[in-house]
Amino acid sequence: MAVLSDERLVVALVRGVHGLRGDVRIEILTDNPELRYAPGAVLHREGSDEPLTVAWSSPIADGPGWRVRFEEIRARAEAETLKGVYLEAVVGPEAEPVRGSYFWHEVIGTAVSGVDGTALGTVRDVYRSGGAEVFVVAGSDYGEFDVPAVRDFVRVLAPRRGEIVVDAEALDLRPPKERRTDPERPRAPRRVSRKRKAPPGPIGAAEPAPDPAPELDGGSTA
């Protein structure tokens, strides 16, 4: 499952540094490492426009990943600044993501429902956190909530057919409060405002004198 920043593909994660010449060990995050890591290919730190031009690359023989050397990185100290950094490749507007991957603009506006079919809202925004995309969902009684785009929470990711299904229980989403709509249920009596009276005296005390009759316009009462 992959959600891609518009016009850029995340293709690698720098896991470590190898040797004194600035080589780095990267985790493969692309289906085409031979193309993305080929000498002459240009990568970028995530969110940066500064180029990292591949000078040399090779798959690691005794383990996963590749070793890559960039023309702009000449020493180990410089390579250390890349540890933990995602690397992106710029793609043209005509590029098609691999199957199961989608651009952010394709996800935004997609309806989101629970596994039981309950409508939970639509994706209003996407942002990146901790190496994964997060969907901001809103527009229902559940309010606004975040959905990390990982399999633990997203069961179906099909924005091109207008469908995202999430596990509401795994997200700890609480259903809206039930509203009582029974027309036969008696209503609570309305509170009627009353003039404030003096507090009653002790038990057995004489009743207070009644209020005098109000005067009428033009004279006193007979």
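The values are calculated or read from the model by the stated rules, or taken from the named source; none is laboratory data. Nothing here was measured: the structure is a model prediction, and the numbers come from that model. Here the Cβ is made from the backbone with ideal geometry for all residues, glycine too, and neighbour counts use every protein chain on show. Note: accessible area is taken over every heavy atom of the protein model, side chains too, but ligands, DNA and RNA are not part of it. Shrake-Rupley method; radii C 1.70, N 1.55, O 1.52, S 1.80 Å.
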Those residues of segment 107-141 which are open to solvent by 10 Å² or more (accessible area, probe 1.4 Å), in contact with a Ser or Thr (Cβ under 7 Å, 6 or more places away or on another chain) and not in a loop (DSSP other than H, G, I, E, B) amount to A111, A119, G121, T122
When (1) in a loop (DSSP other than H, G, I, E, B); (2) open to solvent by less than 80 Å² (accessible area, probe 1.4 Å) are applied to S57, the one that fails is (1)
Pick from T110, T122, T118: which is under 12 Å from the mean Cα position of the chain (by Cα), modelled with pLDDT of 90 or more and more than 30 Å from G16 (Cα to Cα)? T122
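Among the candidates R67, R74, which residue alone is on the phi < 0 side of the Ramachandran plot, modelled with pLDDT of 90 or more and part of a strand (DSSP E or B)?
Numbers: R74 fails: part of a strand (DSSP E or B).
So the residue among R67, R74 that is on the phi < 0 side of the Ramachandran plot, modelled with pLDDT of 90 or more and part of a strand (DSSP E or B) is R67.
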Among what's in segment 1-43 and is under 27 Å from the mean Cα position of the chain (by Cα), closer than 27 Å to R76 by Cβ and modelled with pLDDT under 90, pick the residue that is surrounded by the most Cβ atoms within 10 Å (Cβ to Cβ). V11
Evaluate the following for P93: is it modelled with pLDDT under 90, over 17 Å from L13 (Cα atoms), surrounded by fewer than 11 Cβ atoms within 10 Å (Cβ to Cβ) and of a type outside the set (D, E, K, R)? yes
Matching residues in segment 18-43 (assigned to a loop (DSSP other than H, G, I, E, B) and hydrophobic (A, V, I, L, M, F, W, C)) number 4
In segment 44-54, how many are part of a loop (DSSP other than H, G, I, E, B) and either open to solvent by less than 80 Å² (accessible area, probe 1.4 Å) or closer than 18 Å to V17 by Cα (or both)? 3
Exactly one of these conditions fails for V150: (1) assigned to a loop (DSSP other than H, G, I, E, B); (2) over 25 Å from A12 (Cα atoms); (3) under 14 Å from the mean Cα position of the chain (by Cα). Give me its number. (2)
Give the residues of segment 157-167 that are at pLDDT below 95 and either aliphatic (A, V, I, L, M) or in contact with a His (Cβ under 7 Å, 6 or more places away or on another chain) (or both), sorted by residue number. L157, A158
